[in-house]
Amino acid sequence: MKPQHIRVSPDRVAAKVVVVGDPARARFIAEHLLEDAELVNEERCFHLYTGFYRGERISVAVHGVGAASSAIVFEELRMLGAKVMVRLGTAGALMPELDIGDMVVATGAAYVHGGTIGSYVPDACMATAPNPLLLTKLYDYAKRIHGRVVLGPVFSSDAFYAEDPEFAKKWFSRGIVAVEMEVATLYALAALRRFDAAAALVISDNLVVPGKEELRHHRELEPYVEKAAKAVLEAL
Ligand code: HPA
């Protein structure tokens, strides 16, 4: 099947792709960290840039928010020839020790059965895990370049404004360090469509520390995102 949203020819997409939710983050990476980056898709606001990082051809693609939107982009990037995708996103901390700007490298992603992944695999739960070699590389660079890094599993939520008051306590007691919305979909599709995936997340809020519950604006997170992005680009 031909991509219906990213309407570009395969030669405009690199084999290695950084996938991000926020178009502002994609532009920041393209303008500040890549060389000769070109905006090759704007359709549906799924902005896609292709350029070079230290001589290596890299694309940066916007996947939007949540499982349904991001699944479309991961599928279409794969159709266009992508072989490796690393998500660079933000996450809400469930661990009290995680501060704004800290990094989580996602060793796995829990999800509630059903939803988008359930549409692909209705009869079981997927082993939503990253490629271990890519993850190790990413963690090593993250430690070196960013410094404040935690390795652990995340929960990929389908509802940012879910109303369960016990949410943070419950998922932390299940061993989850942070919440975001797309890593489980990325890892499930990596298994189903045979590409390599990993994810690096910058903490934008902390759900269990008073005064830190609100998402920080992307400008405030920029210094941390820049370091995390460098770690992702080095790993790629
Ligand atoms: N919840 C869900 N997704 C997120 C959050 C959050 O608190 N922070 C960043 N992405």
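Nothing in this text is a laboratory measurement; each read-out follows from the coordinates by a stated rule. Since the structure is predicted, the reported quantities are computational estimates derived from the model, not experimental observations. Reconstructed Cβ throughout: ideal geometry from the backbone, glycine too, with neighbour counts over all protein chains shown.
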Problem set entry | In nm, spacing of pseudo-spin labels at LYS143 and MET1 (7 Å Cα→C-beta vector) | 4.2 nm
Seminar exercise, completed: Rounded to whole angstrom, the alpha-carbon centroid of segment 179-236 lies from that of segment 1-40 at a distance of 17 Å
Problem set entry | Mean Cβ count within 10 Å, highest first, over the residues of peptides 176-184, 209-217 | 176-184, 209-217
Exercise. Among the lysines, which fall within straight-line cross-link reach of LYS143, defined as a Cα-Cα distance under 30 Å, with same-chain neighbours fewer than 8 residues apart omitted?
Worked result: LYS16, LYS83, LYS169, LYS170, LYS212, LYS227, LYS230
For this session: Given the peptides 36-46, 20-30, arrange them by the average over their residues of other C-beta atoms within 10 Å, most packed first.
Result: 20-30, 36-46
For this session: Work from the charge dipole of segment 98-236 (Cβ charges, +1 for Lys and Arg, -1 for Asp and Glu, about the Cα centre) and give the residue of VAL232, PRO153, VAL208 farthest towards its positive end.
Result: VAL232
Exercise. Which percent of the Cα-Cα distances in the chain go past 24 Å?
Worked result: 39 percent
For this session: Run the quick spin-label model on ALA162 and VAL112: label points 7 Å from Cα toward the beta carbon, then report their separation in nm to one decimal.
Result: 0.5 nm
Problem set entry | Net charge dipole size for the chain [Lys, Arg +1 and Asp, Glu -1 on Cβ; Debye, nearest 20] | 660 debye
For this session: Work out how much length VAL121 to ASP36 would gain on full extension: take 0.36 nm times their residue separation and subtract the Cα-Cα distance, in nm to one decimal.
Result: 26.6 nm
For this session: Of the options LEU133, ALA188, TYR49, report the single residue whose Cα projects farthest towards the positive end of the charge dipole of the chain (beta-carbon charges: Lys, Arg +1; Asp, Glu -1).
Result: LEU133
Exercise. What relative contact order, as a whole-number percentage, does the chain give when Cα pairs under 8 Å and 6 or more residues apart are counted?
Worked result: 26 percent
Seminar exercise, completed: Here the percent of antiparallel bridges among DSSP beta bridges lying wholly in the chain, to the nearest 5, is 35 percent
